[in-house]
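What follows is a single structure, written as structure tokens, with notes after it.
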Amino acid sequence: MAAHQDKRPSEERKHKSTQNDPRTPQVQWGRAWEVDWFSLASILFLLAFAPLIVYYFIMSCDQYQCSLIDPLIELLTGNKHLSDIWNKTPMLTYRAAGIYTLWVTFQVFLYVFIPDFCHKFLPGYVGGVQEGAITPAGVVNKYEINGLQAWIITHVLWFANAYYFHWFSPTIIFDNWIPLLWCANILGYAVSTFAMIKSYFFPTNAKDCKFTGNFFYDYMMGIEFNPRIGKWFDFKLFFNGRPGIVAWTLINLSYAAKQQELYDQVTNSMILVNVLQGIYVLDFFWNEAWYLKTIDICHDHFGWYLGWGDCVWLPYLYTLQGLYLVYHPVQLCTANAIGILMLGLIGYYIFRMTNHQKDLFRRTNGNCKIWGKKPEYIECSYMSVDGTKYYSKLMTSGFWGWARHFNYTGDLMGSLAYCLTCGFEHILPYFYIVYMTILLIHRCIRDEHRCFSKYGKDWKRYTAAVPYRLIPGIF
């Protein structure tokens, strides 16, 4: 349910093929083969309550001025019934359905039919056809990297409409926010269900499928590793990057336009949200080729977790700060605004430079300099499903010598900056930092469990060399 990424710093080298038992450690790539009771309980909880959480947050803003407590108080005291709240909730409209259908169709068109041209004139940008990481079955998929191009085209059209064509109001997203929520849910459930059916009857690669026999776990965590339609439409890359993340900056712009409409000004807090989150979105698309080596693409299967999460959870809960500022405009003093901006920029610097170090290390096979010195590393080996042996290197220098997931530390600093723009009147906008903390700590544990299964004793050597996960000396 997140766009935040982690990639192991490795340069992989193929060794000779060997026959091995199918239950050797490489099967731990991706999600589990078997489901324990805790995992099943967690899955059932998320399937039942994640959609309600999204609805509750959005409803609280629409009906209770972003108070998370007032709806509960009214329900517990009997002043309101669930039916009263539901009856005041805007329903699905033909207008919202048309907007959403046009939006998704346009993003599919940009993704599938417009080859990337940005890499031809933007120095340093890697686009066009790129290879992904090796899958558990030993497959290397190719991708058309054109997310930055799609983002630019979309936003050029958005601003052209706002200042010249006037086909629709820039507040169109905010004005249809709850009806669009139902559209996003329909797509999220539809694509998740289709992906599950596809995995049974016409999988893209049967060897990269995992069946536990538990319907709920398979539905949520996915069965197929890289479901595709045709040569280029890859479900994971499209739904992770488009339409949710392209929409992220448009949603914030719509919030700013609504603030201007209501109060005749756009506050500096709203500008900070647009700038800091805009930097993150642009960073994502500038490094989309690098994203092919992240945990989302390299380990996660495609199910409800990614399908529904990217359609609903990401655009609706990652943009809570801008939504809150429409209802509660905050004008920060200059010192606070500068402090929040610096926190966000430093967090982004740590996030980007940490990932840059491991990417440089991987591309050069360790023949580079990190902080002016030759990097140190642990040599590891692992086996793919087809019995092929590979070698990797796990870096223990630079930021990666400070903590095993120091990029997450920078990510959390940026997340906190988003929330601080909203002041301290309500807890709703701080959901993001709480959620990201839980998510990234869980990702640390989940990723390290996979790495231990994959690398075995070599992973123990690595954790001995880098003992902390996020905060040096603490955790």
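Points worth noting:
- Checking the cross-link pairs Lys236/Lys293; Lys80/Lys258; Lys236/Lys393; Lys207/Lys358; Lys236/Lys457; Lys369/Lys389 against a 23 Å limit on the alpha carbon distance flags Lys80/Lys258; Lys236/Lys393; Lys207/Lys358; Lys236/Lys457; Lys369/Lys389 as lying beyond it.
- Of the chymotrypsin sites (Phe, Trp or Tyr not before Pro) found in region 352-436, those that fall in a DSSP loop while having at most 13 other beta-carbon atoms within 10 Å are Trp371, Phe424.
- Nonlocal amide H pairs with Ile145, under 5 Å, H built at 1.01 Å: Gly128, Val129, Gln130
- Estimated inter-spin distance, Lys374 and Met342, nm [label 7 Å along Cα→Cβ]: 3.9
- Between region 54-84 and region 177-203, the Cα center-to-center distance that results, in Å: 28
- Percent carbon-and-sulfur accessible area, the chain, ignoring ligands, DNA and RNA, probe 1.4 Å: 67
- Residues whose placed amide H lies under 5 Å from that of Cys66, excluding near-sequence neighbours: Cys61
- Zone residues, region 151-167, relative to Gln260, backbone N less than 16 Å from point 7 Å out along Cα-to-Cβ: 155-167
- Backbone amide hydrogens, once placed in the peptide plane, bring Ser381 within less than 5 Å of Ser392, excluding anything fewer than 5 places away on its chain.
- Span-rule helices in the chain, defined as complete DSSP H runs reaching 15 Å or more along the axis (Cα) with Kyte mean at least 0.0: 37-64, 94-113, 147-160, 177-201, 244-263, 268-286, 334-363, 406-420, 431-455
- Cut-off 11 Å between beta-carbons: net charge of the residues surrounding Arg469, Lys and Arg +1, Asp and Glu -1: 0
- When shorter helices are ignored and each DSSP H run of at least 4 residues is given -39500 (n - 2.57), the per-residue value for the chain at 222 nm works out to -17500 deg cm²/dmol.
- Rel. contact order, % - alpha carbon contacts under 8 angstrom, at least six apart, region 140-284: 25
- Averaging the Cα positions of each part gives two centres, and for region 408-458 and region 128-173 these lie 26 Å apart.
- Average accessible area per residue (Å²) across the chain - probe 1.4 Å, nucleic acids and ligands excluded: 43
- Sparse-neighbourhood loop sites, chymotrypsin sites (Phe, Trp or Tyr not before Pro) in region 41-147 - DSSP loop, at most 12 other Cβ within 10 angstrom: Phe117, Phe121
- Calculated from the alpha-carbon coordinates, the chain shows an Rg and a Dmax of 22.6, 71 Å respectively.
- Sequence-ordered 3J(HN,Hα) estimates for region 121-136 from the Karplus curve with 6.51, -1.76 and 1.60 and θ = phi - 60° stand at 9, 9, x, x, 7, 10, x, x, 6, 9, 8, x, 7, 6, 7, x Hz, glycine and proline given as x.
- Extending 7 Å from Cα along the Cβ direction at Tyr189 and again at Leu122 yields two label points whose distance is 3.7 nm.
- Cα convex hull volume per residue for region 291-449 (Å³): 136
- Relative contact order of the chain, defined on C-alpha pairs under 8 angstrom at six or more residues apart (%): 24
- If the segment from Ile445 to Asn367 were pulled out straight at 0.36 nm per residue, it would be longer than the present Cα-Cα gap by 25.1 nm.
- Area accessible to solvent at Ile474, 1.4 Å probe radius, in Å²: 130
- Rolling a 1.4 Å probe over the protein chains gives Arg404 an accessible area of about 10 Å².
- When only Cα pairs below 8 angstrom with a gap of at least 6 residues are kept, region 332-440 shows a relative contact order of 32 percent.
- Contour minus Cα-Cα distance for Asn214 and Phe165 (0.36 nm per residue): 12.4 nm
- Karplus-derived HN-Hα couplings along region 292-302 (A = 6.51, B = -1.76, C = 1.60, θ = phi - 60°), whole Hz, x at Gly and Pro: 4, 9, 8, 4, 4, 8, 7, 10, 6, 7, 9
The values are calculated or read from the model by the stated rules, or taken from the named source; none is laboratory data. If you're wondering where the values come from, they're calculated on a predicted model, not measured in any experiment. Cβ: placed from backbone, ideal geometry, glycine included. Neighbour counts: every protein chain shown. Areas reflect the complete protein model, heavy atoms only, side chains present, ligands, DNA and RNA absent. Shrake-Rupley method; radii C 1.70, N 1.55, O 1.52, S 1.80 Å.
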